[in-house]
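The values are calculated or read from the model by the stated rules, or taken from the named source; none is laboratory data. Note that the structure is a prediction, hence the values are computed from the model and not measured. In this analysis, Cβ positions are derived from the backbone assuming ideal geometry, glycine residues included, and neighbour counts consider all displayed protein chains.
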Amino acid sequence: MHGLLRRGLRVIGVALRGAPRPFAVGVGGAALFAVATVAASLVLGWVTDEVLLPQFEAGETDAAALTLAALVIIGVGLVKATGVLGRRLGAYLAQFQLQAMYRQRVTRQYLRLPLRWHRRHPTGELLSNANADVESAFFVAAPLPMAMGASILLVLTAGLLVVTDPALAAIGFSVGPLLIFANWFYQRRMRYAATVAQQARADVSEVAHESFDGALVVKTMGREQAEAERFRGISEDLRDKMIRVGRLRAFFDPVIEALPNIAILLVLFVGAYRVRAGALTPGDLVLFAYLFRLVALPMRVFGWLLGELPRAVVGWDRVSRVLDETGEMVYGRAPAEGEGGAATQLDEVRFRHPAPERGDLAGPDATTPRHRTAAAGSGPRAGGSAVATADRDGGSSHGHDGPPADETDQQRRGIESVSFDVPAGRTIALVGATGSGKSTVASLLVRLFDPDHGSITFDGRELSELDRDQLAANVAIVFQEAFLFDDTVRDNITLGLDLPDADVEAAARLAQAHGFITELEHGYDTPVGERGATLSGGQRQRIALARAIVRKPRLLVLDDATSAVDPSVESDILRGLADSDLPSTVIVVAYRKGSIALADEVVFLREGQVAARGSHEQLLEEEPSYADLVTAYERDAAERDAMAAGQDTRGIGP
Amino acid sequence: MSTSTASPATHDPVPSEGAWRTVVRGISLSPELRVGLPVTILLALLATAGRAIVPIAVQMTIDDGLQGGVGVDVQTVLSIVAFASVAVLLTAVCSGAMNYRLAAVVETALSSLRVRAFRHIHDLSMLHQASQQRGGLVSRVTSDIDEVSRFMQWAGLNLITAVGQLTIATVVMFVYSWRLTLIVLAVFVPFVIGARWFQKRLTRAYLIVRERIGRLLGVVAETVVGAPVVKAYGIEPRTQDRLDHAIGEHRRAAVRAGGLSSIFSATGEVFGAVATAAAVVGGVMLGVDDQVTPGMVLAFLFLIALFIEPVLVAAEVINEGQNAVAGWRRVLDVLDVEPDVEDPGDDGVELPDEPIGIRFDHVSFRYPKPGESAREASGPIVLDDVDVAIEPRTKVAVVGETGSGKTTFAKLLTRLMDPVDGRVLLAGTPVDQVRFDSLRARVVMVPQDGALFDGTIGDNVRMGRPDASDHDLQLAFLELGLSDWLEELPQHLDTRTGERGGSLSAGERQLVALARAYVANPDLLVLDEATSAVDPATELRLQRALAGLTSGRTTVTIAHRLSTAETADEVLVFDGGRLVQRGAHDDLVAQGGVYGRLHTSWTRGVGRDG
């Protein structure tokens, strides 16, 4: 008995406990079916001996006996049909109940686990956890009632056979161990072949996804044929692996089917001797042959069930890995309410982003080098699944492959030791080069992560002491990557809060979004499509901003939240925020000088530390690297002015 | 403006053609499926014949071995059993061979269909690709085809054996007694009629299931991708409600379809019992007249089981097959879409070997409404009678607000789309007459987001010129003033870019894209300037690389920045689909108008005036 079977039995246990009632219906139906099936064979034996043969011998029909025989056969058939109905319905009910239940559990876990955990897992992996993994874990529910019914059938049949003729039964059952051995052998070979094929399937999907995603490049570089060749390579790899799977099945299926037939023939042969010896009537022999056909059925069902087990175990392992995750954020009960903007402070805060984990799902095979396109010019390939975790945090994502690159990333991303305080009601600009840790600070301020070291306070209280709902209600962040739900504009702003239209509109005005929203077909009730696909990037950002503003947060964090908005609109927004009666302390991550200049103060980050702090003018004078960074546009323009001036005499602009 | 996200396919849950027609169309498009088909069918029939062996052996044993003479004729029984055993083994071999052939043929045919669909999707215009959701396109070459493959092997096998078994059971029954056979067949007539009714309802039920699973996946994806927003705004309860709703909806639909199919199976059992009873009664009545022997009636009871099984299997195959047929139909439908921007191929000409000038000859463009082909597009006008000529080797900046038509201008220029009216000429040649290999070699577009593939930086740059050596690539970086950046990277050219270039910053992705365009060495360069903010140091590098890249080439830049327009030889200003102004930056500023407005907006935001 090897590990796979034990783990498979555990999944079956989970399934049975998860949907006891549907299984009761299913197993009841299967039992009824089994009993009725055996009864049907008894009836046939009885009909043969008591109705058929006598009447044949007598040479005349006995209407009463015939009618009775027909009624009994049909009656048993009806019971059998009821059994089939119960068995199948129960199996479906169980399967879908389990799927729904575990989908709910998995997605609840997604909602519960911290963002830190989310960062480690590619979107595609989480999607398939909730979808394909749950599904394959509980496919096993489908043959389960039938298998349990079949075991009843097996026991009943075996009992009947033994009672009728023990010697003959023993001969017949010698086929059992053979079947079990064949099955075991098949399972072992099949598991490997199927796993390898499944991986090839994932590769095909990755290449297709990446290639269609980069369709513009493929087209403009005229690479259609090269891409098709790359895809052909990987598709044919899948084909070969699937053919290997097919060959295994081609070998196994006939063996499973032939073994019981051989057994029946053996029984016939030995049975003939027994009939001659007077130990058996011909009717008994017919019954025997019929019963043996029935034994073949449970054998096939068990094969079926065992065939589902590897898949169920793989699926269940992946599902339970998610369900077993702990480490959700613990919240305190302290209130975060108060008057006006909140003061906030970071004290020696250190944070490193977790490295992403490649889902190690394929069992024994996952460590073998995956199909790579080595040949020059055949192009690179996809490494992960669908929607990237990239850019959720303005470039703090990491490659999946190549440990050295990760190392460097690790050192570049995150923050080392950051301390600064923001007095209530002030507007602070966070400035720094890519990778200096601005976005990390922004996320820490609203407690999307907890720092590895150091403390962050909100109105003098540790963030971790604050009540969950209070924190959400009083602190808001807007990301560069504006995420909209497949919902209306209004619902994307309120996110389910019951807010008066006037408030929603006021927030939209402040975010400079009211104008374009009213021009949409249904105004605030226009559906924005999947991820807000019907809107431009700047429009999405402004709706996301309105979403934050409408909550009147005491701390508002804008993480490069207006990058896709026209510069003039951006400064309108910031100026509007400053002039409004929002009770907010504002922290804004910005690049553009016009926006930075609107802040009361600038905190300048370099390599994960605060390099300088002060007013914009002050830093320009005192901090050369700051000046370098924010005046780069101007210097560039000046350089080009100089070049242009050298080339011709035409002067350019101020 | 982006077009609607809903694809026409999702609007249309009712199949446009019958399942049978789809299968016929599919088979005619995959001739590989017919390879060796006669042999496979022959093997299938032989394999199926094996199933009749045991009932026949039982009949012969009872009639000849037990009842035939006085007592039991062991010798006869032995030869019957020996003969039957050999037959069982032979048919098992046939069955294995058939399974294997079927798997090989189906996988081979579908792999080539997969590649063909993949290639075809790349041949479709941007317009068509944009109207479909990415996931939908991917699923056509993955899960849709997987579904067909799984179905064909499971169902193909079952259908062939079912038909074979049905045929053989019927033939053997007829041989035994045609009267008894007719009785049995008569019982099944109402069943076949009922099956059609069930099938219609099941088709609809499964379509609903497929739709709901799609919606469920959408909500889960939203939850996962939007996790930062969900957490930051504390909207877990609301999100969970949405999830629970989608999960519940799917479950209800699935249970409904499952229930229908359960009822159907149960009905089949009832008909089986009625047929058995009919055979017993009919058998006795005929037997009394010496039309049949008791062994025959007994064999009939086995044969009826053999007869019902394939009928139920076939019905189930047809029911469950709705899923696969729908998948097949999606693949075939994609192949049916004529690419509306077509490569003239060998009929086409090469671009003349000279610097490329551009001419738009009264060009207009509209997006098609759903269901319209690109040529008869009647959507709102996006580009309205644009008539402009650009000299070779000039640097042109195209400016305008979102929706002004500037991006459409670039797409028509690179023939990602064709105009509805008018002509686009490159170097005096109508662009739709230029062979794609010539066009793509001489005209290169650099899209807004670097659009990198997972692989190394070297792999990505080499896409511009597949035969370039590492040395060529390094030289390219050097000439673009980017070698210091490349040297800073941990593994230089071999640095991995990550999924969609995610290991690099937005600016760095753009650098790689510029190097890629540089090694391609085009004569006409079309740049869609990146809007997302990058830090100023990277910005400077970008500017330097751009200067190197554009030098000596005709360059059209969709400009989102003032600095780009300032340094262009000429600026084209679009507004509401029309070309409203053109000229040098300074002249246009002096003119005011749309450009003046844009200029004011830019300068205010960047803070240069203050």
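Just to be sure I understand the filter: pairs with C-beta atoms under 9 Å, separated by 6 or more residues or on different chains, first member in region B:355-372 and not assigned by TED's automatic domain parsing to the domain that holds B:Pro392 and at pLDDT below 70, second member among the polar types (S, T, N, Q) and not in a loop (DSSP other than H, G, I, E, B). Which pairs pass?
none
Residues that are within 13 Å of chain B (Cβ to nearest Cβ): list the helices (runs of 4 or more DSSP H) wholly contained in region A:426-542 that include at least 2 such residues.
Answer list for region A:426-542: A:438-445, A:468-474, A:489-494, A:514-519.
Name every residue in region A:600-629 that is under 42 Å from the mean Cα position of the chain (by Cα), over 14 Å from A:Gly437 (Cα atoms) and at pLDDT below 85, in order of residue number.
If the condition is that a residue be under 42 Å from the mean Cα position of the chain (by Cα), over 14 Å from A:Gly437 (Cα atoms) and at pLDDT below 85, then A:Leu629 is the only one that fits.
Please determine, by comparing only the residues of region A:129-157 that are within 11 Å of chain B (Cβ to nearest Cβ) and at pLDDT below 80, which one is surrounded by the most Cβ atoms within 10 Å (Cβ to Cβ).
The selected residue is A:Asn129.
From the list A:Leu93, A:Leu98, pick out the single residue that is more than 7 Å from chain B (Cβ to nearest Cβ), touching a residue at least 24 places away in the same chain (Cβ under 8 Å), under 30 Å from B:Arg242 (Cα atoms) and buried (at least 23 other Cβ atoms within 10 Å of the Cβ).
Matching residue, one of A:Leu93, A:Leu98: A:Leu98.
Can B:Gln491 be described as more than 27 Å from the chain's Cα centre (by Cα), without any contact (Cβ under 8 Å) to a residue 40 or more places away in the chain and facing chain A (nearest Cβ under 9 Å)?
Spelling it out, B:Gln491 is indeed more than 27 Å from the chain's Cα centre (by Cα), without any contact (Cβ under 8 Å) to a residue 40 or more places away in the chain and facing chain A (nearest Cβ under 9 Å).
Just checking, does region B:507-528 include any residue being within 35 Å of the chain's Cα centre (by Cα) and modelled with pLDDT under 70?
no
Among the residues of region B:298-339 satisfying the criterion of being touching a His at 6+ places or on another chain (Cβ under 7 Å) and at pLDDT below 80, which is farthest from B:Lys411 (Cα to Cα)?
Of everything passing the filter in region B:298-339, B:Val334 is farthest from B:Lys411 (Cα to Cα).
Scan region A:546-592 for residues that are assigned to a loop (DSSP other than H, G, I, E, B), more than 14 Å from chain B (Cβ to nearest Cβ) and touching a residue at least 24 places away in the same chain (Cβ under 8 Å) and jot them down.
If the condition is that a residue be assigned to a loop (DSSP other than H, G, I, E, B), more than 14 Å from chain B (Cβ to nearest Cβ) and touching a residue at least 24 places away in the same chain (Cβ under 8 Å), then A:Arg554, A:Ser580, A:Leu582, A:Pro583, A:Ser584 are the ones that fit.
Which pairs turn up if I take residues in region A:105-116 that are within 15 Å of B:Ala246 (Cβ to Cβ) and look for partners that are surrounded by fewer than 20 Cβ atoms within 10 Å (Cβ to Cβ) and small (Gly, Ala, Ser) with beta carbon separation below 8 Å, at least 6 apart in sequence or on another chain?
From region A:105-116, no pairs qualify.
Taking the conditions exactly as written (among the charged types (D, E, K, R) and surrounded by fewer than 19 Cβ atoms within 10 Å (Cβ to Cβ)), does B:Asp454 satisfy them or not?
no
Of the residues in region A:197-225, how many are facing another protein chain (nearest Cβ under 7 Å) and farther than 11 Å from B:Thr142 by Cα?
The qualifying residues number 14.
Return the residues of region A:101-128 that are surrounded by fewer than 23 Cβ atoms within 10 Å (Cβ to Cβ), under 13 Å from the mean Cα position of the chain (by Cα) and at the interface with another protein chain (Cβ under 7 Å from one of its Cβ atoms); say none if nothing qualifies.
A:Gln104, A:Arg108, A:Leu111, A:His118, A:Thr123, A:Leu127
Yes or no: B:Val424 at pLDDT below 85 and surrounded by 16 or more Cβ atoms within 10 Å (Cβ to Cβ)?
No; evaluated as a whole, the condition is false for this residue.
Being under 20 Å from A:Ala342 (Cα atoms) and surrounded by fewer than 24 Cβ atoms within 10 Å (Cβ to Cβ) is the filter here, so list the residues in region A:552-564 that pass it.
A:Lys552
Please indicate, with yes or no, whether at least one residue in region A:312-321 is of a type outside the set (Lys, Arg), closer than 30 Å to A:Ala424 by Cα and at pLDDT 80 or above.
no
Looking at B:Arg238, B:Arg242 in this structure, which one is surrounded by fewer than 23 Cβ atoms within 10 Å (Cβ to Cβ), at the interface with chain A (Cβ under 7 Å from one of its Cβ atoms) and farther than 14 Å from A:Leu113 by Cα?
Of the residues listed, the single one that is surrounded by fewer than 23 Cβ atoms within 10 Å (Cβ to Cβ), at the interface with chain A (Cβ under 7 Å from one of its Cβ atoms) and farther than 14 Å from A:Leu113 by Cα is B:Arg238.
Determine whether region B:327-341 contains at least one residue that is acidic (Asp, Glu), assigned to a helix (DSSP H, G or I), in contact (Cβ under 8 Å) with a residue 12 or more places away in the chain and within 11 Å of chain A (Cβ to nearest Cβ).
Within region B:327-341, none of the residues are acidic (Asp, Glu), assigned to a helix (DSSP H, G or I), in contact (Cβ under 8 Å) with a residue 12 or more places away in the chain and within 11 Å of chain A (Cβ to nearest Cβ).
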